[in-house]
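Here, each number is a calculation from the coordinates, and none is a lab measurement. Everything numeric in this text was worked out from a predicted model, so none of it was measured. Glycine gets a Cβ as well: all are built from the backbone with ideal geometry, and neighbour counts include every protein chain shown.
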Amino acid sequence: MAKLFAVIIVIIAILSAIPIVKHTWAAPEDISTHGALIDEQMGETMVEAGIAFLAAQLILALFVWQFSNRGRESKLKTFPGGAKGLVIGAILLVGLEVLALGVFGVKAWANQYLTPPAANAMPIQAQAGQFAFYFRYPGPDGKFGPIHPEMINEGNQNLFGLDPEHDVESRDDIVAAELAVPINKEIHLLMHAKDVGHSFFVRELRVQQDFVPGLDVSVHFTANKVGKYEIVCTQLCGLGHYNMRAYLEVMSQQDFDNWLKQQSGQ
Amino acid sequence: MRTRQTLLTLSTLLVFSAVMFAGTVNGKVTYTGTPAKPKPIDMSKEPSCAKQHATPITTESVVTGPDNALENVVVYVSSGAPDDGQVPPQAVTFDQKGCQYVPHVLVMHTDQELKIVNDDQTSHNIHPLSKVNVEWNKSQPPGTPPITTKYDKPEFISVKCNIHPWMHGEFAVLKTNHFDVSKGSGTFSLPNLPPGKYTLTAWQEDYGVQTADVTITGNETKEVNFTFKAKAY
């Protein structure tokens, strides 16, 4: 019976490794300049974790096979005590592996989070609220008008609580329900939540960042492939969470300029 | 015996006067100035709704017509005519169609049945933001039966959908049957007003209220117009 168990462990371990090795569920095409590093990091993590997983399962199976019929009188090694060397060795090995992943991962992480955006990055504001994303562009003056939360009124589409009557900077601000960006241009996304926690996730862009109520969070990225991609909320935010999405549209500079013009004309 | 006769005559007279000497108030609601341009609504996150509109719908907080006409203004008798206590037996219907509330402004009598229908392929969560009446919000997945309810106190209630932030409507719960909602031409009509002194109130969701006094002496038609000052933003 124990030997059958050992064989089943080996079969399960190998079967679960096959789709990973064959890239059955590969990530969608990367459309960002920083994504290659993230993909590389994910790949490395997968290889390391995969080897550790397979090794652990095979050793487990080996032990079960080897020592399952030792009789009642045989002595078990305990920790602390007999197995001290083995346990410390295992802790060091796993610790080193996790540490190594962290050290190598800094490259991908720092590139996105610890490096400030370039001075000429285009600022776009993103607001998450139950259950939609809205985006604001500063308009020709390059300035965002101040936000007055008490003036937020979805009924007349004043989604950010702007007061164009009194704030000159607000008058040319453009508010849209989709995130249009020009290709090969760094975007500095300034994020805030209107109500509860939300998350901004675009698989193809390799960006996932939470909105935290009360915090001004930001990310920066450069998209390098024209197309339309889905933005989804990946932080359970309430009843309509399943339906909270928007679209990221990466356009040529020309198309983007036309889009802006069209939006501001409305 | 004599008192009874007098009473009978009096009540007959009253009933007759109500029918025979019923005045009508006609009028038009207009605006001065330049109203803010209606903003288009982007429904791309809800494709089943977006495809129902060939061109994007716009905000309906202020709907205007030709010659400065103002639509969707509720005009009603706010004082002068005591409530006859007659709650219309038929229900009023508030429809959710193409991720939009139809009608945008729905008037009902206190305690009149209100039927809320979801005609869309998506879930809605209707949330009337009442302050005087009890506030509630209910989820209504596609294909589910209408929600029926009523309000027992007069109030103007903004309605929103908790799932689709752009959806916006208004309930006007009145304690009178003398009301009308201005049409595309801005016109309204309040018929069957017995002789008396009345105060009419015109309510616009963005521009507030205006009142006017009118006296009906007999079988006559009077004209009362309302003019709102438009907000540019």
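Residues with beta-carbon under 13 Å from that of residue A:101, excluding residue A:101: net charge, scoring Lys, Arg +1 and Asp, Glu -1? Mind showing how you got there, number by number?
Numbers: positive: A:107; negative: A:40, A:44, A:48, A:97.
With Lys, Arg at +1 and Asp, Glu at -1, the neighbours total -3.
How high is the relative contact order of chain B, given as a whole-number percent (alpha carbon pairs under 8 Å, six or more residues apart)?
It rounds to 32 percent for chain B.
Between residue A:261 and residue A:84, what is 0.36 nm times their sequence separation minus the Cα-Cα distance? Round to one decimal in nm.
Computed gain between residue A:261 and residue A:84 is 56.7 nm.
Given that compact globular proteins tend to follow 2.2 N^0.38 Å, what is the ratio of the alpha-carbon Rg of chain A to that value?
Against the compact-globule rule of thumb, the ratio is 1.41.
Which of B:28/B:229; B:51/B:97; B:97/B:131; A:3/A:77; B:153/B:222 have a Cα-Cα distance over 18 Å?
From B:28/B:229; B:51/B:97; B:97/B:131; A:3/A:77; B:153/B:222, over 18 Å: B:97/B:131; A:3/A:77; B:153/B:222.
Counting Lys and Arg as +1 and Asp and Glu as -1, each charge on the Cβ, what is the dipole of the protein assembly as shown about the Cα centre in debye, to the nearest 20? Write down the numbers at each step before the final one.
Values: 39 positive and 49 negative charges, 318 e Å.
For this selection, approximately 1520 debye.
Isolated Cys in chain B by the 4.7 Å beta carbon test?
Cysteines lacking a close Cβ partner in chain B: B:161.
Nearest 10 degrees, 0 to 90: what angle lies between the long axis of helix B:2-20 and the longest principal axis of chain B (Cα atoms)?
In chain B, helix B:2-20 runs at an angle near 40 degrees to the longest axis.
Over chain A, what is the relative contact order in percent, taking alpha-carbon pairs closer than 8 angstrom and at least six residues apart?
19
Could you pull out every residue, at least 5 positions away or on a different chain, whose amide H is within less than 5 Å of the one on residue B:140? Hs are placed 1.01 Å off N in the peptide plane, and Pro or chain starts have none.
For residue B:140, the qualifying residues are B:124, B:125, B:126.
Quick one, can you get me the convex hull of the C-alpha atoms of the protein assembly as shown expressed as volume per residue in Å³? Each step should come with its number before you reach the end.
Details: hull volume 123.2 nm³, N = 499.
That works out to 247 Å³ per residue.
Over chain B, how many percent of alpha carbon pairs lie in each 5 Å bin up to the one with the longest distance?
1, 6, 12, 15, 16, 15, 13, 8, 5, 4, 2, 1, 1, 0, 0, 0
Given R₀ = 25 Å, FRET efficiency for residue A:107-residue A:66 by Cβ-Cβ distance, to 0.05?
My answer for the efficiency is 0.05.
Determine, for the range A:122-265, the count of lysine pairs separated by eight or more sequence positions (or lying on different chains) whose alpha-carbon distance falls under 21 Å. Mind showing how you got there, number by number?
Values: A:143/A:185; A:143/A:194; A:143/A:261; A:185/A:225; A:185/A:228; A:185/A:261; A:228/A:261.
For the range A:122-265, qualifying lysine pairs total 7.
What does the charge add up to near residue A:155, with Lys and Arg as +1, Asp and Glu as -1, over the other residues with Cβ less than 13 Å from its Cβ?
Working: positive: B:39, B:160; negative: A:154, B:60, B:170, B:205, B:206.
Here the count lands on -3.
Take residue B:79, project a point 7 Å from its Cα along the Cβ direction, then tell me which residues of the range B:197-212 have their backbone nitrogen under 17 Å from it.
Inside the label zone: B:197-203, B:209-212.
Once the Cβ-Cβ distance between residue A:242 and residue A:94 is put in as r, and R0 is 45 Å, what FRET efficiency do you end up with, to the nearest 0.05?
The formula returns an efficiency of 0.75 here.
Sticking with the crude label model, points 7 Å out along Cα→Cβ, report the distance from residue B:215 to residue B:54 in nm, one decimal please.
5.3
For the range A:167-266, what is the relative contact order in percent, using Cα pairs closer than 8 Å and at least 6 residues apart in sequence?
34
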